[in-house]
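**Student:** Here you go, one structure.
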Amino acid sequence: MKNGAVLTVNDLRVYYDTPAGTVKAVDGVSFDLRPGERLGLVGESGSGKSTMALALMRMHKPPARIAGGEVLLDGVGDVMELDDEGLRRIRLDRLALVPQGAMNSLNPVMRIRDQLADGIRTHEPGDDRDALTARIRAQLARVGLDADVGGKFPHELSGGMKQRVAIAIGTSLSPSVIIADEPTSALDVVVQRQVMETLRSVQEEIGASVLIVGHDMGLMAQIADRMGVMYAGKLVELAPVHDLFTNPQHPYTRLLIESVPTLMAKRALASIPGAPPTLINVPPGCPFHPRCPRAFEPCDSEVPLPMSQNGRVVSCHLYPEEAA
Ligand code: SF4
């Protein structure tokens with residue numbers, strides 16, 4: 001694998017065919033995920049980040065389709081080329097999803113312990129009843145839940161507890177890669193922080209790499225090692241978190257950071273003018289050019305290519321020298 005990455009995404013394209021035309025929800029995204037790394041992926045609603053998270057596991061639903069690219073999982077190969085049995089084997093075991101909105105992803109008529117046992121029994125059928133019970137208790141404890149939670153139904157749990165259960169299920173087989181799709185959406189800010197901390201501690205304990213998709217840059221900055229910014233289906237900047245916040249290079253990244261509220265700086269909150277484009281009608285050239293305060297002559301006609309330097313990737317005509 002390239003650079004020892006556990007997951008390498010090359011030129012991934014996910015399109016929706018609709019009566020009104022083709023929606024390019026993910027349009028040529030490339031990045032790699034390193035061993036033990038926490039990579040955050042942020043963007044406004046409709047930027048394609050959740051579509052991409054599901055597509056990495058081939059869990060996208062029609063009319064979405066993979067229009068191109070590859071997703072190389074260490075020791076497995078291209079996930080896009082696996083047959084149904086190959087997908088069944090790697091899901092949960094090697095590549096696991098922590099979904100957004102745990103209230104909708106848990107089975108409402110199954111006790112928590114049975115939902116945890118389901119994946120373990122399917123992938124590792126050797127455990128007897130006592131061993132399975134011990135594993136479920138240990139897994140609940142790992143995410144900070146008491147053993148008696150195993151006997152409850154989802155509706156008996158708070159939103160934060162349900163999201164911890166989703167983390168417990170997603171990490172029950174110690175996968176090498178966790179895809180966490182907006183794992184704290186619909187939770188209050190205190191619980192968001194606690195759930196993120198739980199995700200971090202479990203990920204570190206099992207030595208997994210994690211791709212966390214979200215829209216809250218402040219929350220993401222507290223957990224991610226590197227952060228990518230998506231706009232209109234493209235990854236426009238990717239950098240170590242500290243570098244991204246102290247020296248953002250893409251104008252969209254700059255504006256996103258300026259719109260994050262802080263307790264320290266007394267200033268008016270900035271907002272980004274305009275609205276993201278509908279992905280069925282993306283502007284020509286750089287898709288951000290109608291909103292960009294630094295747009296200049298080539299921006300409305302030429303698509304900027306990704307420029308890679310010092311561990312950072314940025315796609316913007318302001319950085320043309322080493323475009324490749
Ligand atoms: Fe702005 Fe042009 Fe850079 Fe796009 S390519 S972000 S329009 S300066």
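The values are calculated or read from the model by the stated rules, or taken from the named source; none is laboratory data. Treat the numbers as computed from the prediction; the structure is a model and nothing was measured. No Cβ is skipped: glycine too gets one built from the backbone with ideal geometry, and neighbour counts run over all protein chains shown. Areas reflect the complete protein model, heavy atoms only, side chains present, ligands, DNA and RNA absent. Shrake-Rupley method; radii C 1.70, N 1.55, O 1.52, S 1.80 Å.
**Student:** From the list Ala166, Ala186, Ala221, Ala232, which one is of a type in the set (Gly, Ala, Ser), in contact with a Leu (Cβ under 9 Å, 6 or more places away or on another chain) and more than 28 Å from Tyr319 (Cβ to Cβ)?
**Tutor:** Unique residue meeting the criteria: Ala166.
**Student:** May I ask you to list the residues in segment 197-216 that are surrounded by fewer than 21 Cβ atoms within 10 Å (Cβ to Cβ) and not β-branched (Val, Ile, Thr)?
**Tutor:** Across segment 197-216, the qualifying residues are Glu197, Arg200, Ser201, Glu204, Glu205, Gly207, His215, Asp216.
**Student:** So Pro261 fits all but one of (1) touching a residue at least 40 places away in the same chain (Cβ under 8 Å); (2) assigned to a helix (DSSP H, G or I); (3) open to solvent by 30 Å² or more (accessible area, probe 1.4 Å); what number is the exception?
**Tutor:** With respect to (1) touching a residue at least 40 places away in the same chain (Cβ under 8 Å); (2) assigned to a helix (DSSP H, G or I); (3) open to solvent by 30 Å² or more (accessible area, probe 1.4 Å), Pro261 is out only on (2).
**Student:** Go through (1) within 28 Å of Gly126 (Cβ to Cβ); (2) touching a Gly at 6+ places or on another chain (Cβ under 9 Å); (3) surrounded by 21 or more Cβ atoms within 10 Å (Cβ to Cβ) and name the single condition Ser174 misses.
**Tutor:** The failed condition is (3).
**Student:** Count, please, the residues in segment 145-157 that happen to be under 26 Å from Arg200 (Cβ atoms) and open to solvent by less than 60 Å² (accessible area, probe 1.4 Å).
**Tutor:** Number satisfying all stated conditions: 6.
**Student:** What are the pairs with Cβ atoms under 6 angstrom where one residue, in segment 304-321, is β-branched (Val, Ile, Thr) and the other, located anywhere, is within 12 Å of the ligand (Cβ to nearest atom) and in a strand (DSSP E or B)? Sequence gap at least six, or different chains.
**Tutor:** Matching pairs, first to second residue: Val313/Pro306; Val314/Glu237; Val314/Met307.
**Student:** Which of the residues that make up segment 111-153 are over 12 Å from Ala168 (Cα atoms) and in contact (Cβ under 8 Å) with a residue 40 or more places away in the chain?
**Tutor:** Selection gives Arg111, His123, Glu124, Gly151, Lys152, Phe153.
**Student:** What number of residues within segment 260-315 are within 13 Å of the ligand (Cβ to nearest atom) and at positive phi?
**Tutor:** Residues that pass the stated criteria total 2.
**Student:** Related question: Quick one: Leu219 ticks every box in (1) more than 21 Å from Met161 (Cα to Cα); (2) over 11 Å from the mean Cα position of the chain (by Cα) except a single one, so which number is it?
**Tutor:** In the conditions (1) more than 21 Å from Met161 (Cα to Cα); (2) over 11 Å from the mean Cα position of the chain (by Cα), Leu219 misses (1) alone.
**Student:** Yes or no: segment 201-214 includes at least one residue that is under 21 Å from Ser50 (Cβ atoms) and over 15 Å from the mean Cα position of the chain (by Cα).
**Tutor:** no
**Student:** Sticking with this structure for a sec: Go through the residues of segment 214-227 one by one and say whether even a single one is modelled with pLDDT under 95, more than 18 Å from Gly46 (Cβ to Cβ) and either acidic (Asp, Glu) or within 14 Å of the ligand (Cβ to nearest atom) (or both).
**Tutor:** No - not one qualifying residue is present in segment 214-227.
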